[in-house]
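One structure is given below, encoded as structure tokens.
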Amino acid sequence: MDWSELRKAVEEVKLVDAHAHNLVALDSNFPFIHAFSEAQGDALASSQHSLSFKRSLRDLAELYGCDSSLQGVEEYRGVSGLELACSTCFKAARISTILIDDGLELDKKHDIEWHKGFTTLVGRILRIEKVAEKILDEDLPDGFSWTLDSFTKAFVSNNILTVASEIYGLKSIAAYRSGLEINTNVTKIEAEEGLTQVLLAVKPIRIENKNLIDYIFLQSLEVAQSYDLPMQIHTGFGDQDLDMRLSNPLHLRSIFEDKRYSKSRIVLLHASYPFSKEASYLASVYPQVYLDFGLAIPKLSVHGMISSLKELLELAPINKVMFSTDGYAFPETFYLGAKKSREVIFSVLRDSCIDGDLSIPEAVEAAKDILARNAIHFYKINFANSVVSSHNSLPLTVIDDLESDVSFVRIIWVDNSGQHRCRAVPRKRFNNAVTKNGVGLAFAVMGMTSFLDGPAADCGLGAVGETRLTPDISTRKTIPWSKQDEMVLGDMNAKPGQAWEYCPREALRRASKILKDEFDLVMNAGFENEFFLLKSITREGKEEWIPFDSSPYCSSSAFDAASPILREVASALHSMGIPVEQVHAEAGKGQFELVLGHTICTKAADNLVYTRETVRSIARKHGLLATFIPKYALDDLGSGSHVHLSLWQNGKNVFMASDGSSTYGISTLGKEFMAGVLYNLPSILPFVAPLPISYDRLQPNTWSGAYLFWGNENKEAPLRAASPPGTPGGLVSNFEVKSFDGSANPYLGLAAIIAAGIDGLRRHLSLPKPVDKDPNPENLQRLPKSLSESLEALHKADFLEEFFSDKLLTAIKAIRKAEIDHYLGNKDAYKQLIHRY
């Protein structure tokens, strides 16, 4: 047989390394001998006599052209420096992608970003036990103790969910702690007892209690399944902390058999050695089980590596077996893993051809699958989203595959009237030119109104001039309801690298930067999205849109009626890393509310844009129209986009008071910030309630906030102090701005709120006493009853000038004036807004 075709395929494919760890600085105290062995203590010295150590040392000496001794290799590394060693190893390894589990503690390890200089794409795998331990190492304010509920919220909502869209998978090292025999029925009481036991230990925390480990594992697996993220699991051999009797993957059968986790995707790491046959069996009978042979190659003897891979392939489908290096600390580990993997795969596939299991063409495809394509598909790696390093280029076959996957990329922006708009660009042109140069966009688009696709009078924006709509690649998403396409949010630039003064996203970034630079604060935001679902009917030859359902508030029948849409919406948002906290039927006919988790305000605004896009598009797919208009029918309730806000510093919520003795349960910073928002609320309403119809929503006795006051859990207050379940007694975790509605540009609205809050911080404004009962109109100031009144308040507000350019403020005021004039003379024109918002 002629093996040249197979050898060429094995040698030329660019590898996807789906499981690895951080590299360390050259002066790290982590001994270089660990590049060859997992052994510890006295066993580490004797590892120099192992077959793999002697072979690997010769391989490195040949690569570097140095003496074939540990001292010779170390001297070469010291003289050459880390950068050259990395460049040499990664170039020889020909690795296109590395997914890094950064939970391994190493002295002077480099962060994930640092590694991007040596390969095309670097992604993150999140180690769940390390996340949990870091949380428990932190003290809660004022002597409060961790409870299972507060820990779960911190672990899931404040950690995993916030990065779900940015990572490629989760990882568990339960095998190192309490073993793989996970109790799928562990109770909250058992987990709470385990947490109590763990907290008695000295810090830093190391979680070894089985009940708590099992609880963390199951919570993580649920999140992974919801977000369609893989879960990597350490199985088989490792260092001496491991009890091999408990690392047999057969212990995981209770997970695989549990129908709750049937849609999960699980990777058994390290070829499960010495349980490779057991792993092969599991992958053959459970659709959710996949295999990764990193560490077994190159740490075993040649015979061990070959026999282990052959055992994996005895039963497991080829498309379930994946390469990784399990490289860590030293670039040499990546090189050795890549080199020996190519050699072993060639040997195993050649033998398969000789034995008659495969033809040579089938073996060629198998090599490409195992070394790259399986991982690309499994981890949903999109090379189009990566920045290409000067050291590497993408495999041509990968680019060709991606070209056939996606047709268009939509570049989305939100104009000053709050409308979503987009330009669609063929994907090839997007990657080749638009990512760098953007697309031209007429100045006039940022002067358009809700009633006419043309600029408002006196807005300063017209037919002359173009801005550059430049995609923010970090926001690029596959469109869940149109998977051949992608979407991305756009920034507006005057020229490359220079923001255009009318760019709403830049306005929010500017306000956030002032808050951070001046007060070391970050504002988090979470939106409650209310919308109507409407169906089309024909009455007297004319199309009308009416509510598709008339069920009451929070009714199960309304949820049942809309569940196909709501489930698809929630699934689509989960796939984009946007956490949905709850959904329910609202009080209006055909009205629903979808609540998003909180995150840093710039990302919260992005999430809100994608959420509106998702709801409208999926409703349309089901033959309905979803509208976020603040008032669909004058005789029914309106829709808001209530936003919950909190202030954070060094990862802690500092809006909440540090102890129960504080007035109102709010910190001094929080009270001053909230007072600024309350004091300036009339003047920022044109940003958060920008249409004349917005003020038909802001009426007394409708839970929308018609009077200028704040209250504790008072639904009639425009600013409501909130203490959701899990908040320590007597404390307030956030406040809600109820005036915000679905026609607002979220970037401009949040920027205006930050500006108002900063005004309160600078002037040390005091909160008045809360109103914790139904408001009495005789004792309270009425908020502006119309856009005209709020625009008048805006004209008098000078504190905004630092945050918004003069030209942007001029345009916003002109657009609002045009809205007032148009709807004043066209009483029924608001009915057409359901097609715009």
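The values are calculated or read from the model by the stated rules, or taken from the named source; none is laboratory data. Given the structure is predicted, the values throughout are model-derived calculations rather than measurements. All Cβ positions, glycine included, derive from the backbone under ideal geometry; neighbour counts span all protein chains shown. The area values use the complete protein model at the heavy-atom level, side chains included, leaving out ligands, DNA and RNA. Shrake-Rupley method; radii C 1.70, N 1.55, O 1.52, S 1.80 Å.
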Quick check on this structure: which one of Val434, Val439 is over 22 Å from the mean Cα position of the chain (by Cα), open to solvent by less than 60 Å² (accessible area, probe 1.4 Å) and more than 26 Å from Ser743 (Cβ to Cβ)? Val434
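Inspect all residues belonging to the stretch 777-786 and state whether any of them is surrounded by 13 or more Cβ atoms within 10 Å (Cβ to Cβ) and in a helix (DSSP H, G or I). First the steps, then the outcome.
Pass one, the stretch 777-786, residues surrounded by 13 or more Cβ atoms within 10 Å (Cβ to Cβ): 780, 782-786.
From what's left, in a helix (DSSP H, G or I): none.
Within the stretch 777-786 (the criterion being surrounded by 13 or more Cβ atoms within 10 Å (Cβ to Cβ) and in a helix (DSSP H, G or I)), the answer is no, since none of the residues qualifies.
Can you tell me which residues in the stretch 726-744 are farther than 17 Å from Leu596 by Cβ, of a type outside the set (A, V, I, L, M, F, W, C) and either within 27 Å of the chain's Cα centre (by Cα) or open to solvent by less than 10 Å² (accessible area, probe 1.4 Å) (or both)? Spell out how you get there, then give the answer.
Just the residues of the stretch 726-744 that are farther than 17 Å from Leu596 by Cβ, to begin with: 726-732, 739, 743.
Imposing the further condition that a residue be of a type outside the set (A, V, I, L, M, F, W, C) reduces the set to 726-730, 739, 743.
Within the stretch 726-744, Gly726, Thr727, Ser739, Ser743 meet the criteria.
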Can you tell me which of (1) assigned to a loop (DSSP other than H, G, I, E, B); (2) within 26 Å of Val609 (Cα to Cα); (3) in contact with a Pro (Cβ under 9 Å, 6 or more places away or on another chain) is the one Phe804 doesn't meet? (3)
Output the qualifying pairs, or none if there are none: Cβ atoms under 7 angstrom, residues six or more apart or on different chains, first residue in the stretch 106-130 and closer than 24 Å to His234 by Cβ, second residue part of a strand (DSSP E or B) and polar (S, T, N, Q). Thr119/Ser96; Thr119/Thr97; Leu121/Ser96; Leu121/Thr97; Ile125/Gln232; Ile128/Ser172; Glu129/Ser172
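Looking at Ile33, Ile95, which one is within 19 Å of Pro331 (Cβ to Cβ) and crowded, with 20+ Cβ neighbours inside 10 Å? Outline the logic, then answer.
Working: Ile33 fails: crowded, with 20+ Cβ neighbours inside 10 Å.
Only one candidate qualifies: Ile95.
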Restricting the stretch 248-278 to residues that are surrounded by 15 or more Cβ atoms within 10 Å (Cβ to Cβ) and acidic (Asp, Glu), which is farthest from the chain's Cα centre (by Cα)? Glu278
For Ile629, work out the one condition from (1) open to solvent by less than 30 Å² (accessible area, probe 1.4 Å); (2) closer than 25 Å to Asp759 by Cα; (3) not in a helix (DSSP H, G or I) it doesn't fulfil. (2)
Taking the stretch 152-179, which residues are within 20 Å of Asp137 (Cα to Cα), in contact with a strand residue (DSSP E or B) (Cβ under 9 Å, 6 or more places away or on another chain), of a type in the set (Gly, Ala, Ser) and open to solvent by less than 30 Å² (accessible area, probe 1.4 Å)? Ser172, Ala174
Based on what the data block shows, is Ala558 within 27 Å of Val643 (Cβ to Cβ), open to solvent by less than 70 Å² (accessible area, probe 1.4 Å) and touching a Pro at 6+ places or on another chain (Cβ under 6 Å)? no
Of all the residues that make up the stretch 214-241, how many are over 30 Å from Leu300 (Cα atoms) and in contact with an Asp or Glu (Cβ under 8 Å, 6 or more places away or on another chain)? 2
Listed residues Leu70, Leu82, Leu26; which is among the hydrophobic types (A, V, I, L, M, F, W, C), open to solvent by 50 Å² or more (accessible area, probe 1.4 Å), touching a residue at least 12 places away in the same chain (Cβ under 8 Å) and over 29 Å from Arg373 (Cβ atoms)? Leu26
Looking for something under 30 Å from Ile600 (Cα atoms) and more than 28 Å from the chain's Cα centre (by Cα) - is there at least one such residue anywhere in the stretch 193-203? yes
Helices (runs of 4 or more DSSP H) completely within the stretch 53-167 that count 2 or more residues being within 24 Å of Gly337 (Cβ to Cβ) and of a type in the set (Gly, Ala, Ser): 70-80, 82-93
I want to confirm something. Restricting to the stretch 548-564 and keeping residues that are over 29 Å from the mean Cα position of the chain (by Cα), in a helix (DSSP H, G or I) and of a type in the set (A, V, I, L, M, F, W, C), which single residue is farthest from Ile537 (Cα to Cα)? Ala558
